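Here is the structure we will look at.
FYI, it's all coordinate maths here, none of it is from the lab. Values in this document were obtained by computation on a predicted structure and should not be read as measured data. As a convention, Cβ positions derive from the backbone with ideal geometry for all residues, glycine included, and neighbour counts pool all protein chains shown.
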Amino acid sequence: MPTETKPSPRDRLLEAANELFYAEGIQSVGVDRVIERAGVAKASLYSTFGSKEELVRAYLDARHARNLHWRRAAVEAVDDPVEKILAVFDSQARDFSRPDFNGCAFAGAMAESPPGGRVDQAVQSFREDIRALFEELSTGAGAKHPRVLARQLQIVYDGAAAAAKMDHDGAAVAKQVRAAAAAVIAAAV
């Protein structure tokens, strides 16, 4: 009979950090709450991550990997080059409908952290990867200036998350954002 293995302290800390930091913010959640939620000793946090800033960085890196995976999976599910770009927005729209949706984790982290630190680096890394995805897809769709279109699409993408959080109506925002992205793409392709 197989036995279930308990998640590692690292995994439990990241899960707790993800839940708490995303729901309540980085600055308002102390390491003691993360440790309590994870059910680990304080020494586990510091031996694994070294500091709260490194825990935040790891939390953002995990969200980065997961979000990019979801966006790329959505892109791979369609064939039309323009629809591939719009699939990124469709994937993002699914985030808006989640009951725990609380805006963009990266924008929230950036608002709470000083520029130039490890958190800023994690945020910039995610932004660079989303922009690179949009540029790759813009090239595939035949955009005259794929880098320009990628930056425009990233602005729409960023604004979508902010609007969905502030308006508390992810479905309406998703519909409007998809239409806006389609118009920007049509003008550029």
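The list [x] 8, 27, 24, 16, 10, 7, 4, 2, 1, 0; [y] 9, 33, 31, 19, 8, 1, 0; [z] 9, 31, 32, 22, 6, 0 gives values of P(r) over Cα pairs in 10 Å bins from 0, in percent, and only one came from this structure; which label was calculated from it?
[y]
Once phi is turned into ³J(HN,Hα) by the Karplus curve 6.51 cos²θ - 1.76 cosθ + 1.60 with θ = phi - 60°, what whole-Hz value does each residue of the range 174-189 show in order, with x for glycine and proline?
Working through the residues one at a time gives 4, 5, 5, 5, 4, 5, 5, 4, 4, 5, 4, 5, 4, 6, 9, 9 Hz.
Starting from the Cα gyration tensor of the range 89-189, take the square roots of the eigenvalues, sort them a ≥ b ≥ c, and report rounded, prolate or oblate (rounded when a/c is under 1.5, otherwise prolate if a/b is larger than b/c, else oblate).
On the way: a/c = 2.48, a/b = 1.18, b/c = 2.10.
Oblate, because a/c is 1.5 or more while a/b does not exceed b/c.
Could you derive backbone 3J(HN,Hα) for the range 5-10 from the dihedral phi with the Karplus parameters 6.51, -1.76 and 1.60 (θ = phi - 60°), listing whole Hz in sequence and x where the residue is Gly or Pro?
Whole-Hz 3J(HN,Hα) from phi for the range 5-10: 8, 6, x, 5, x, 4.
Spin-label point model (7 Å from Cα, Cβ direction): what's the Ser28 to Phe101 distance in nm?
Going by the 7 Å Cα→Cβ label model, 2.0 nm.
So between Ala186 and Ala73, what do we pick up on full extension, going 0.36 nm a residue minus the alpha carbon distance?
Once the chain is fully extended between Ala186 and Ala73, it gains 38.4 nm.
For the range 75-89, what does the Karplus curve 6.51 cos²θ - 1.76 cosθ + 1.60, with θ = phi - 60°, yield as ³J(HN,Hα) per residue in whole Hz, taken in order and with x for Gly and Pro?
Residue by residue, the range 75-89 yields 4, 5, 7, 10, 9, 5, x, 6, 5, 4, 5, 5, 4, 4, 6 Hz.
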